[in-house]
Amino acid sequence: MNLTGIRFARVSARVVSAAVLVASLTFAPGIALAVDKAAHQDRTELRIKDMHAKLEITSAQEEQWAKVAKAMSDNATVMDTLTQARAEHAKEMNAVDDLKSYGEIIDAHADGIKKLVPELTTLYASMSETQKKAADILFRHGNRKHGDRKQGHRMSESK
């Protein structure tokens, strides 16, 4: 396959993925988005504590870790607010309103990542090689263990 074909395949895959996500958010807003804010905040805090432990954050790294954790928590709060509003208004939104709402969520997600990257970059620079490897795995795979195929995700690395 030539380079143009590869690019087309990648763009096509992204378009299909986006369409599936939009469809799932559109047709199942009550199920997909009716999230209890308190429960999600608790999960966010648990995720942050779990990452802290898995990354073996040292006392010297605590100040920078606090900035990473705050960015993660702030991002989760913004996303919760937007997804809750979307769920609450799902039945009264027309197709255009629905797509705009979804766009706001996507924009907020991108903005959150842009705020997290500089904080994580600084922390990452202070990490040992062992910590960096742990961070690489955590951010690549989330809570899933390497090789875990739950949720239909396929790991690209070999064991």
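The values are calculated or read from the model by the stated rules, or taken from the named source; none is laboratory data. All figures in this text were calculated on a predicted structure; none of them were measured in a lab. Every residue, glycine among them, receives a Cβ derived from its backbone with ideal geometry; neighbour counts consider all protein chains shown. Ligands, DNA and RNA are stripped out before the accessible areas are found, and what is left, the full protein with its side chains, is counted by its heavy atoms. Shrake-Rupley method; radii C 1.70, N 1.55, O 1.52, S 1.80 Å.
Condition check ((1) open to solvent by 60 Å² or more (accessible area, probe 1.4 Å); (2) modelled with pLDDT of 90 or more; (3) out of contact with any strand residue (DSSP E or B) (no Cβ under 8 Å at 6 or more places or on another chain); (4) outside any helix (DSSP H, G or I)) across all residues:
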{"site": "Arg14", "(1), (2), (3), (4)": "yes, no, yes, no"}
{"site": "Asp50", "(1), (2), (3), (4)": "no, yes, yes, no"}
{"site": "Met72", "(1), (2), (3), (4)": "no, yes, yes, no"}
{"site": "Leu82", "(1), (2), (3), (4)": "no, yes, yes, no"}
{"site": "Ala87", "(1), (2), (3), (4)": "no, yes, yes, no"}
{"site": "Lys91", "(1), (2), (3), (4)": "yes, yes, yes, no"}
(message) Being surrounded by 14 or more Cβ atoms within 10 Å (Cβ to Cβ), hydrophobic (A, V, I, L, M, F, W, C) and either modelled with pLDDT under 90 or not in a loop (DSSP other than H, G, I, E, B) (or both) is the filter here; which residues of segment 107-159 pass it?
(response) Ala108, Leu116, Leu120, Leu123, Ala134, Ala135, Ile137, Leu138, Met155
(message) List the residue pairs whose Cβ atoms are under 9 Å apart, where the first residue sits in segment 84-100 and is closer than 26 Å to Gln41 by Cβ, the second is part of a helix (DSSP H, G or I) and of a type in the set (Lys, Arg), and the two are 6 or more positions apart or on different chains.
(response) Gln84/Lys37; Met93/Arg86; Met93/Lys100; Asp98/Arg86
